[in-house]
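We did not get these values from a lab; they are worked out from the coordinates using the rules stated. Computed from a predicted model, the values in this text were never measured in an experiment. No Cβ is skipped: glycine too gets one built from the backbone with ideal geometry, and neighbour counts run over all protein chains shown.
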Amino acid sequence: MTYISYVADSKDFGSLSVTILADNDYYSETATSKGPAIKGQGTRFANFGVPLLEAHKTGLGSSAALVTALVSSLVIHRTMQAADLGAGRDKLHNLAQAAHCAAQGKVGSGFDVASAVYGSCLYKRFSPAILESLGDVGSAGFEERLFAVVEDSDPEHPWDTEFVDFGMQLPRGMQMVLCDVECGSQTPSMVRKVLEWRKNNRAEADVLWASLQNNNERLRQELKRLAQNPDAVTDNDFAEISNFIERSRQHLRNMTRQTGVPIEPSVQTELLDRVSALDGVIGGVVPGAGGYDAIALFIRDDPTVIPRMNELFANYQSAVEDDFGGKIGNVRLLGVRHGSEGVKNEVLEQYAGWI
């Protein structure tokens, strides 16, 4: 709102009514959300029947998506035309990053906001000093500093973030799915502990981070190669993808042991191993910061794979004692699939009954 009032040169926002709808797949199911839909409404935005603080998040970046959507809608409503969305993505990204960091109380990695704005892409984070230069909301000169950061006109703190491969597609014959484990983790506290360990063990951490980064880059390049050469895709090609995924998981388990943070805790290792052993499952990871969040899986785009996974999940129970005391509840496939598009103008008719 500070940015909007500065650009519009007016603090008169008139009458605003904001309705925030969270997709069902951002949260684990509850008895209420499994029940019948409210009369006159569909089931895309269920009533979970619990306060937000008690909701189990699936770990798909709901806070970043919410902030990005709210920031974009307000900015476009007050300072842009809907047709200007494409040209204004950079400004929306910069403002959403600032708002998200203010909400989280820290400068995070920013990849979740970047993907919410730009969609599928290779992302290199920005220097934290860019947002740290803003200072506190309401402090002298805050409006001017915020405007300069959003417009990228501050010569002392230029945006140095990088985005490559916008709209990257998966190879032909491959699909991405996500599975909720009805648990959830506290990302900020986990990240703080990992960064503290890295600060105190720099040499050891740098080797581990470099190994993980190198393997992830090789995985990205292989996915890109197969996506750009669909005629070259064979059954054996996905075996290399499986190998890269397993190596990344080995690095993450090593990081888990050394940091004492449940990036891939034992119950998640067990789940990933069991589902990865199914015919048609290429491999999977605990995405983002890790923890007891939803797992991401690459599978063959074959109609027999999903039923096979659902059969495993129907009565899934963990058989190991977790190293961090976490528990996995009901495991279920989420309705989301891989997508390449970021922030976009929506058709209002699909929200009939809620707005």
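In this calculation the C-beta distance from residue 236 to residue 147 is compared with R0 = 51 Å, giving a FRET efficiency of 0.40. Consider the candidate values (i) 1.02; (ii) 0.97; (iii) 1.07; state which one is Rg/Rh (Cα atoms, Kirkwood Rh) computed from the structure displayed. From the options (i) 1.02; (ii) 0.97; (iii) 1.07, the structure gives (ii).
Highest mean packing first, where packing is the average number of other Cβ atoms within 10 Å per residue, the peptides 218-226, 66-74, 345-353 line up as 66-74, 218-226, 345-353. Proximity of backbone amide H atoms, modeled 1.01 Å from N, is registered between residue 27 and 58 at under 5 Å, excluding neighbours fewer than 5 places apart on the same chain.
On the basis of the beta-carbon distance and an R0 of 51 Å, residue 250 and residue 133 show a calculated FRET efficiency of 0.85.
Fewest neighbouring Cβ atoms within 10 Å first, the residues 183, 101 line up as 101, 183. Phi-derived couplings, Karplus 6.51 cos²θ - 1.76 cosθ + 1.60 at θ = phi - 60°, listed residue by residue for the stretch 285-298: 9, 8, x, x, 7, x, x, 8, 9, 4, 9, 9, 10, 8 Hz, with x used for Gly and Pro.
Where a Cα-Cα gap under 18 Å defines reach, which aspartates and glutamates qualify for residue 327, not counting those fewer than 8 residues away within the same chain? Of all the aspartates and glutamates, those that pass the test against residue 327 - Cα under 18 Å, at least 8 places apart if same chain - are 29, 54, 180, 182, 264, 270, 273, 293.
Couplings 3J(HN,Hα) of the stretch 153-168, computed from phi: 10, 8, x, 7, 9, x, 5, 10, 6, 10, 10, 10, 6, 4, x, 4 Hz, in residue order, whole Hz [Karplus 6.51 cos²θ - 1.76 cosθ + 1.60, θ = phi - 60°; x for Gly and Pro].
Against the empirical curve 2.2 N^0.38 Å, the C-alpha radius of gyration of the stretch 174-337 lands at a ratio of 1.07. Only helices enter the 222 nm calculation for the chain: every DSSP H run of n ≥ 4 contributes -39,500 (n - 2.57), and dividing by all residues gives -13000 deg cm²/dmol, rounded to 500.
Cross-linked pairs 106/193; 106/344; 57/344; 91/193; 224/344: Cα-Cα separations exceed 21 Å for 106/344; 57/344; 91/193; 224/344.
Each peptide in 6-16, 239-249 receives the mean, over its residues, of other Cβ atoms within 10 Å, and ordering these scores from highest gives 239-249, 6-16.
Taking 0.36 nm per residue of separation and subtracting the current Cα-Cα distance, fully stretching the chain between residue 333 and residue 196 would add 45.9 nm.
Between residue 270 and residue 214, full extension at 0.36 nm per residue minus the direct alpha carbon distance yields a gain of 17.6 nm. Close amide H pairs (under 5 Å, H built 1.01 Å from N) link residue 45 with no residue at least 5 positions away or on another chain.
Amide H to amide H distances under 5 Å link residue 334 with 178, 179, 180, where only residues 5 or more positions off or on other chains count and H is placed in the peptide plane.
With a Förster radius of 30 Å applied to the beta-carbon distance between residue 243 and residue 160, the computed FRET efficiency rounds to 0.35.
The base-10 log of I(q)/I(0) for the stretch 2-166, evaluated at q = 0.20 Å⁻¹, reads -1.36 [Debye formula, identical scatterers on Cα atoms, solvent excluded].
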